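Read the structure below first, then the notes.
The values are calculated or read from the model by the stated rules, or taken from the named source; none is laboratory data. The shown structure was predicted, so the numbers you read here are calculated from the model rather than taken from an experiment. Don't worry about glycine lacking a Cβ; one is built from the backbone with ideal geometry, like all the others, and counts go over all protein chains shown.
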Amino acid sequence: MTVDNQSPELFGRTPSQTVGPFFHYGLPWKGGADLAGKSEMGARVDLVPPDHYVLNVSQPSGTPQGEVIEISGRVLDGEGQPVPDAMIEIWQANAAGRYASPADRRDDVPLDPNFIGFGRSSTSAEGEYRFRTIRPGRVPGPGNSLQAPHLAVSVFARGLLNRLATRLYFADGEGNDTDPVLSALPEKRRDTLIATRAADGSWRLDIVLQGDNETVFFDL
C-alpha cells in the first residue's frame, strides 16, 4: 500500500524545539535596535572577539519623521532574576500610524521611506534591552476604532519553544482607555504592558516571564 509521506494523520507539524541560546551570535546585528539613528545598539559586542566581529551597521538613510524616543527594560525570570541571553524583537507603525508593510494599503496615511519599524535587541549581562525608535501613531482597530500607540513585542529566550508575543503601550498614550486590546484585559493586569517615563525622559518596561506580575502574553 502506498502512503503519502506528507499525510497529516501520520506526521502532522514538525514539533518546536529549543534553538539556543545562540541569539547573540546569529540574529541581532549592529544597529538593529536603533530605528532612528546609526548607532551600534542591538548586538552583544562583548561576547564576540573584535577580530571576529565583522557585522556591519545598516546602510545610512535619511532621518525618520516623528519624536525620537528610547525604550528600555529588563527581562526577568520567574524568580525575578535577569535573563542575560534573551532577544527582544519589535514591530511598529511610523509616526503617522502606518506600517512599512504591503498589507497596510492606506494611501491616505503617509509612509516614511526612512523608517522600517522593525528592530532586534539582545539583552545585556544584566538582562537589559534597549531601543531607539520613533513614537508610533495610532493604527486602526476592530470596526471603526483606533488603537492606542503601541509596539508589538516578541520575546525569544532559552527554554522557550515558541516566541512570546506581547505589547508595549505608553503611560500617557492617547486612547489607552479605549484601546480594544487593553480594554479586553483585567484592569489589574494592564500595567504589565504600559511603559512609564524614567527620570531621563526615556521609557521603561520590564518583561516578566513568570510569577508575580507576569507580563500579559498573547496567543499566536
**Item:** Filter result for residue 145 (in contact with a helix residue (DSSP H, G or I) (Cβ under 7 Å, 6 or more places away or on another chain) and among the small types (Gly, Ala, Ser))
**Value:** yes
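Got a sec? Which of 79, 9 is modelled with pLDDT of 85 or more, part of a loop (DSSP other than H, G, I, E, B) and surrounded by fewer than 10 Cβ atoms within 10 Å (Cβ to Cβ)? Outline the logic, then answer.
Working: 9 fails: modelled with pLDDT of 85 or more.
Within the list 79, 9, the selection yields 79.
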**Request:** Among the residues of region 187-217, write down those that are under 24 Å from residue 79 (Cβ atoms), of a type outside the set (D, E, K, R) and surrounded by fewer than 14 Cβ atoms within 10 Å (Cβ to Cβ).
**Result:** 196, 210, 211, 213
**Prompt:** Taking residue 116 and the conditions (1) under 19 Å from residue 70 (Cα atoms); (2) of a type in the set (A, V, I, L, M); (3) touching a Ser or Thr at 6+ places or on another chain (Cβ under 8 Å); (4) surrounded by fewer than 19 Cβ atoms within 10 Å (Cβ to Cβ), which numbered condition does it fall short on, given that it satisfies the others?
**Reply:** (3)
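Out of 97, 73, I need the residue that is in contact (Cβ under 8 Å) with a residue 12 or more places away in the chain and outside any strand (DSSP E or B). Which one?
Numbers: 73 fails: outside any strand (DSSP E or B).
After applying the criteria, what remains is 97.
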